Amino acid sequence: MLRRFFSIERSDSEILRRVLAGNRDEFGVLVERHLRAVHAVAYAHAGNVNDADDLAQDVFIKALQRLDSLRDLTKFRSWILSIARNCAADFWEARRRERAMIEGHNEPPAAPSPDPAREELRVVLLQRIQKLE
């Protein structure tokens, strides 16, 4: 309980410095802090809890593996949410390819949308449409 209390008072930057110095256990504090936000992004894209759980786990694994590429430690939250959006996009691209293989279609790759907010809306709408009978 005391560890959790003191970890809340430390900044993400301070915790990140400790993780980068070799104390990987400290990364768990960041997971606790940012899990809800990452999971919310994952759920918005996946549309179900199981896939969102998997996506969130992948996000934190990738973040830990790529932590040395984070240039501004004060931007951890936006950086990890960016990873979450990218993982969700990869998830949907993999699903699209699986569906194409199953259906026997060779669909051309989708052109990237110039507006990320519009792309997120497209993904959410596609999820809702797929759930319709």
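Each residue of segment 42-52 was assigned a 3J(HN,Hα) from its phi angle through the Karplus curve 6.51 cos²θ - 1.76 cosθ + 1.60 (θ = phi - 60°); the sequence is 4, 5, 4, 8, 7, x, 8, 5, 4, 5, 5 Hz, with glycine and proline shown as x.
Could you list the trypsin sites (Lys or Arg not before Pro) in segment 1-102 that lie in coil according to DSSP, counting only those with at most 10 other Cβ atoms within 10 Å of their Cβ?
Numbers: sites: Arg3, Arg4, Arg10, Arg17, Arg18, Arg24, Arg33, Arg36, Lys62, Arg66, Arg71, Lys75, Arg77, Arg85, Arg95, Arg96, Arg97, Arg99; in loops: Arg10, Arg66, Arg71.
Taking segment 1-102 and a limit of 10 other Cβ atoms within 10 Å, the loop trypsin sites (Lys or Arg not before Pro) found are Arg71.
Pairwise Cα separations in segment 35-103 fall into 10 Å bins from 0 onward with the following percentages, short to long: 22, 47, 24, 6, 1. In segment 13-71, the portion of solvent-accessible area held by carbon and sulfur atoms comes to 46 percent [1.4 Å probe, whole percent, DNA, RNA and ligands not counted].
The values are calculated or read from the model by the stated rules, or taken from the named source; none is laboratory data. Bear in mind the structure is a predicted one, so any value in this text is a computation, not a measurement. Counting neighbours? That spans all protein chains shown, and the Cβs are built from the backbone with ideal geometry, glycine included. The area values use the complete protein model at the heavy-atom level, side chains included, leaving out ligands, DNA and RNA. Shrake-Rupley method; radii C 1.70, N 1.55, O 1.52, S 1.80 Å.
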